[in-house]
1. When each pair of different Cα atoms in the stretch 455-536 is counted once in the 1/r mean, what is the Kirkwood radius in angstroms, to one decimal?
2. May I ask you to derive the relative contact order of the stretch 314-398, considering only C-alpha pairs under 8 Å and at least 6 residues apart, and to give it as an integer percent?
3. Determine the equivalent ellipsoid of the stretch 574-713 by diagonalising the alpha-carbon gyration tensor, then write out the semi-axes as square roots of 5 times the eigenvalues, largest first, rounded to whole Å.
4. Size of the stretch 325-443 along its principal axes in angstrom, Cα-based, largest extent first?
5. Calculated FRET efficiency, Leu85 and Ile449, Cβ-Cβ r, R0 25 Å, to nearest 0.05?
6. Quick one: accessible area per residue over the chain, 1.4 Å probe, rounded to a whole number of Å²?
7. Using only C-alpha positions, report the orientation-averaged shadow area of the convex hull of the stretch 156-272, nm², one decimal.
8. Which ³J(HN,Hα) values in Hz, rounded to whole numbers, follow from the phi angles of the stretch 497-506 under the Karplus curve 6.51 cos²θ - 1.76 cosθ + 1.60, where θ = phi - 60° and Gly and Pro get x?
Amino acid sequence: MRLFAGYFLTVSLVVASFAASGQSASSAIHGNIRIENSARAEAATVVILKAQDSSVVKGTISGKDGTFNFSSLQPGNYLLFITKLNYEKLYAGPYQLNNGNSLDIGSIALKISTTHLGEVTIAGKRDYVEVRPDKTILNVDQNVSAAGNSVYDVLSSSPGVKVNNGDILYHGGKKALIAIDGKPVLLTGDELANFLRNYQASSISQIELVDNPGAKYEAAASGGMINIILKKNKNLGSNFAFSQLAGFEEDYKFSTGLTYTLRTEKLNLFASYGFQDNKIPHTISNERLINTGGHEYDFDLDYMAHLKAINNNFNVGADYQLAKGQTVGFLINGFYNHTPIDKSNNTAISIDGQPNSSIGTHSNINRNISNMSYDVNYKGNLDQDGHSVLSGNADYSDYHRHSDETLQNVFFGESGQPDSSIFYKDSSPSHITIWSANLDFVQRLSDAIRFSAGAKSSKVNSGNSIGFNQLVYGTDLNNQFTYGERLDAAYLGIEGKFNKTTISVNMRDERTNSTGLSVNPNKQVDSSYNNLFPNVQVSHQLDKNNLLTVFYRRTILRPDYQDLNPFIGYVDQFYYNTGNPFLRPEYFNTYELSDLIADKYKISLMTIITDHFYGNVFEQDNITKVYKSTKANLGTHYQYQAEFALPVTFTPWWNIDATVDIFHEKYAYTLNSVPSRLTNGFNIYLTQNFKLSQRLNLQLYDKYESSSYYIISRYQPLFYMNAGISYSILHNKGTLRLTATDIFNTDYNKYHTNYANLDIKERDQLSDHFITVAFSYHFGSSNPKVRSRNTQEQNRLGDGSEN
């Protein structure tokens, strides 16, 4: 009770501080930037600094009319640092700002650069969470627990992001489109989860959480887009970084990461290598009740597995400036995983409360997974002014999985003595290839209007087979399943800014053709459909402190490739898993209204209506007592949600980034015997940062999800906490980190399924209860003196962290 009392006290302080900040008098500085002939300086970078120590307060980009505005400032002395491509960098000020004062500093003129430019060092660090009008940015280096962990681990503790059975959920709790440097990753399900587990956090600069990515990207972005930005060098010179992590609890974690970046006048090279050796426990307890024939049957299953993974992964890429306005690049990513799994479970069967029999199962899986992905890309200006831009990408991925399993079932009678047993082996290789190519064109029609168009084509081939050395429970389960999917898409869009209003109208067309073929039984499922996906967004600057945005979009979620695979995987005689080749896509209609307040706080209201929603369901035969787990289309899902992003600074050494979701949902099932279900709930994500000294930092992450109904189950509340402390050494080139994840060992799903003829209670925990120690070190030309002018093309070779 003390834990939850303290937790809600912290939340109350956040909300109270937010309310108080809205009532207190705010101070502001505004002005405008001019260049030669007093022309307006659009897209100049303006950074406001504390005059005392030049530490960063916040930054912005000047508008099309050259204006900029900083609001919600504390009284004090400030400097402005202004940069624009091909112009000399400029300091302005100091400016004295009093409480409640709105200071207009008038026009500031920039001069064309005629001499060599040097680099300016600005003290201070970016916040971990930055709220922008169109996205939320996570600066991964500011996450104390990120070093030595994977991108998958970082996402699992990111505000507003939920990781559920390998799925990455974001906007509205829907599956997010995952992209690397703006290029979508077309893997799905377990294959995508493995891909993210093999990207070390030390190799990435930022994570962008984008609510509405627009028609340029796949219509499958039902849960928005999570864009992972790789580290690249933004200065001339080279940099090298090293990280190592060791963690222990019931099992262990170990990882090593290396990152190298190099930038010259025309070339930006980046590369990384990672090694992980992890062993993580996974436990499940499941109780299933069946009332039939005047008797109550109780199946009580306890499952325990140790998931070991030895991973090697790398990525290497480069951007090269061919000529002025012409850039070409490539990215190669690969990994090889050895993942042996040792698992066992026991199913105790009772009839009318009396023990009847039990089944003991032990399994060893020897699994190897490899993937190679290749990308080449081009971006070039078609005119000297950069008003016409053409870009394109071509990608190829080759994914292999080979899995061998030995499984033994021992059957025990009422006395507890073994009656019989079976032993079998199976092999299940899988091979997935993905080809994709896209072309995008942007034309600026005027200072206020921009036109965009593009096309994309992708092709997926998935080949799977499973072979057993004997019949399993009297059934021949040998099978082959092939799946092919071709997706062709095109889009058009236009965006215009009229005074304080920006309007964007886009339409994307996607045509999908797919074929699934299984051998046992001999079935072929063909599907062909064409869909239009509109995306309309309007933003209006109500005043200097409020930016109002409203958008509507239609999106789709196609089943994962393995969701369609009809292979049967037995847990024991009474429980198995299988895919559903007849699974149909989900369609989403999303409506959202948001207000960005003082460039800091964000409030969003959204409605999401999902047609043909599907999820993991259980189907049970009351006669044989056998039940299976599969995915099925269930009906229509209605969501109504309010989201609050509330970054609060209590003191110069303590700040909190809080995200709060409040929702009401309705599940309307197509199965007549199942009534509609209503649910209400809320989620709270808190990241607290404490700067204890110049070298010592403490970070706490709290997550609370209230009780709610999801798909077909009622989930109990979930709460967990992570904590990390970091200390800078070796002249701030090295960092020691001590972290504790899931401190109270409370990160697990516990739910009750009462759907159709099912009555199931389950507790499922993939443990992340670890104490870890990490060390990272970097060296190189972190702030070199640049002896040449930076061109627009060279800045496009930047690290991707500048927005």
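1. Averaging 1/r across every pair of different Cα atoms and inverting gives 16.4 Å.
2. 29
3. 41, 20, 12
4. 87, 30, 16
5. Working: r = 22 Å, r/R0 = 0.89.
It comes out at approximately 0.65.
6. On a per-residue basis, 44 Å².
7. Reported value for the Cα convex hull: 8.8 nm².
8. Computed from phi, the couplings for the stretch 497-506 are 10, 10, 6, 9, 10, 10, 10, 10, 10, 9 Hz.
The values are calculated or read from the model by the stated rules, or taken from the named source; none is laboratory data. Remember, predicted model here, so these are calculated numbers, not experimental data. Cβ atoms come from the backbone with ideal geometry, glycine included; neighbour counts cover every protein chain shown. Heads up: the accessible areas ignore ligands, DNA and RNA and are worked out on the full protein's heavy atoms, side chains in. Shrake-Rupley method; radii C 1.70, N 1.55, O 1.52, S 1.80 Å.
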